[in-house]
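Asker: Here's a structure for you.
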Amino acid sequence: MIVQDAEAVCELFAKQAMRVRDKLKESIVGQDEVIEQLLICALTGSHALIVGAPGLAKTLMVKALAQSLNLKFNRIQFTPDLMPSDITGYELLARNSSNDETMMKFRPGPIFANLVLADEINRAAPKTQSALLEAMAERHVTIGGQTHQLEDPFLVVATQNPIEQEGTYPLPEAQLDRFMMEIRVSYPTPAQEREIVLKTTAEPPSLADSSMTKDDFYQLRKIVRAVPVPDSVVDYAVKLCSGTRPEQEGASELVRKYVAFGAGPRGSQNLVLAAKARALLHGRTAPIVGDVQAVAIPILRHRVLLNHRAIGDGYAVDQLIADRSWAV
């Protein structure tokens, strides 16, 4: 691809992505950074975990994303009594209309969609969480010895409430690693909250229709994958990720002091992939180190496990990643 063509493709990508972003902003007030992070996850075919207090439009955000990308959407409300079959589907006895014989028929669960919202994922038992996370990794489910492929694209956005922890089952670190980003939703500013109140206390808000087709979405994903990455950006992403490992040779004193376990190679992969998407969203044909730095916190915060000393000193994982002095 010659430079001129690359610039034209980049311009087309930015235009289509901006249209999607504008449609999201019609439904969501503020939260620009959260919207961009959700878009990056979607455009890279990755899963996301959203953490935020109740009433911050987490569910609305995901529904608006599905609508703006023209994706089939299903929501699963996770509860302690939810079973794996409630997600994946199950087999039941049915009668064959041609020969009147009974047979086993598969009834697909709500996971058979393009965008699945796993609402309050930490409220379900571990076996139910595992059923979802296995589908996220394998892109298929196996019922009664039969493998059923999930629809493409297949994206999972899970939500967690950080306030209530009674009766919850926190996701293990190995399962958290399946999510590209842990996106944290903060409270709106007073001006944004005023706009929210005015919008939601008049006529019921409606989600904007999308002019994008699935083929358009596939094309955007292909463009992200095709973006060339400078060696300096790859080296920085690897250095940033490997620098979080206290046992790594050359690890900084800060990391050795506060980190119990660092991020694995999937962290480096996601840093580069997200940097590609962010570069295109900002109208550039190739990512820079600044793109890696911009996505580092949501990508690494759930992959770096701090020790008891850090907890005792009140040192947060976001502080460690934002510091980055240990990666220089």
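Asker: Pick out the one residue from Ala135, Ala202 that is of a type in the set (Gly, Ala, Ser), in the same structural domain as Leu49 (by TED's automatic domain parsing) and either part of a helix (DSSP H, G or I) or under 24 Å from Val29 (Cβ atoms) (or both). It would help to see each step written out before you state the result.
Answerer: On the way: Ala202 fails: in the same structural domain as Leu49 (by TED's automatic domain parsing).
Ala135 is the lone residue from the list that is of a type in the set (Gly, Ala, Ser), in the same structural domain as Leu49 (by TED's automatic domain parsing) and either part of a helix (DSSP H, G or I) or under 24 Å from Val29 (Cβ atoms) (or both).
Asker: Output the residues belonging to segment 135-172 that are at pLDDT 80 or above and acidic (Asp, Glu).
Answerer: Result: Glu138, Glu151, Asp152.
Asker: OK, next. Among (1) more than 28 Å from Gly144 (Cα to Cα); (2) in a strand (DSSP E or B), there is one condition Tyr90 misses while meeting the rest; what is its number?
Answerer: (1)
Asker: Among Leu71, Leu49, Leu43, Leu65, which is the only one that is farther than 19 Å from Met212 by Cβ and modelled with pLDDT of 85 or more?
Answerer: Leu49
Asker: Find the residue count for segment 269-296, including only residues that are surrounded by fewer than 20 Cβ atoms within 10 Å (Cβ to Cβ) and under 23 Å from Ala174 (Cα atoms).
Answerer: Residues meeting the conditions: 1.
Asker: Name the residue, out of Ile299, Ile321, that is buried (at least 20 other Cβ atoms within 10 Å of the Cβ) and modelled with pLDDT of 95 or more.
Answerer: Working: Ile321 fails: modelled with pLDDT of 95 or more.
Result: Ile299 is the single residue among Ile299, Ile321 that is buried (at least 20 other Cβ atoms within 10 Å of the Cβ) and modelled with pLDDT of 95 or more.
Asker: When Ile183 is evaluated against the numbered criteria (1) touching a helix residue (DSSP H, G or I) at 6+ places or on another chain (Cβ under 9 Å); (2) more than 28 Å from Arg278 (Cα to Cα), which criterion, by number, is the only one it fails?
Answerer: All conditions are met except number (2).
Asker: Here is a list: Thr128, Thr168, Thr147, Thr79. Which entry is part of a strand (DSSP E or B) and among the β-branched types (Val, Ile, Thr)? Steps first, please.
Answerer: On the way: Thr128 fails: part of a strand (DSSP E or B); Thr168 fails: part of a strand (DSSP E or B); Thr79 fails: part of a strand (DSSP E or B).
After applying the criteria, what remains is Thr147.
Asker: Out of (1) part of a helix (DSSP H, G or I); (2) within 27 Å of Val272 (Cβ to Cβ), the odd one out for Leu49 is which?
Answerer: Going through the list (1) part of a helix (DSSP H, G or I); (2) within 27 Å of Val272 (Cβ to Cβ), Leu49 breaks only (1).
Asker: Here are some residues: Ala94, Ala191, Ala118. Which one is under 21 Å from the mean Cα position of the chain (by Cα) and not β-branched (Val, Ile, Thr)? Can you show your working first?
Answerer: Values: Ala94 fails: under 21 Å from the mean Cα position of the chain (by Cα); Ala191 fails: under 21 Å from the mean Cα position of the chain (by Cα).
Selected residue: Ala118, the only one of Ala94, Ala191, Ala118 that is under 21 Å from the mean Cα position of the chain (by Cα) and not β-branched (Val, Ile, Thr).
Asker: Please go through segment 297-328 and give me each residue that is in contact with a Leu (Cβ under 6 Å, 6 or more places away or on another chain) and assigned to a helix (DSSP H, G or I), ordered by number.
Answerer: So in segment 297-328, the residues in contact with a Leu (Cβ under 6 Å, 6 or more places away or on another chain) come out as 299, 302, 317, 321, 326-327.
Within segment 297-328, Ile299, Val317, Ile321, Trp326, Ala327 meet the criteria.
The values are calculated or read from the model by the stated rules, or taken from the named source; none is laboratory data. Bear in mind that the values here come from a model prediction, so they are computed numbers and not experimental data. Neighbour counts run over all protein chains shown; Cβ positions are idealised from the backbone, glycine included.
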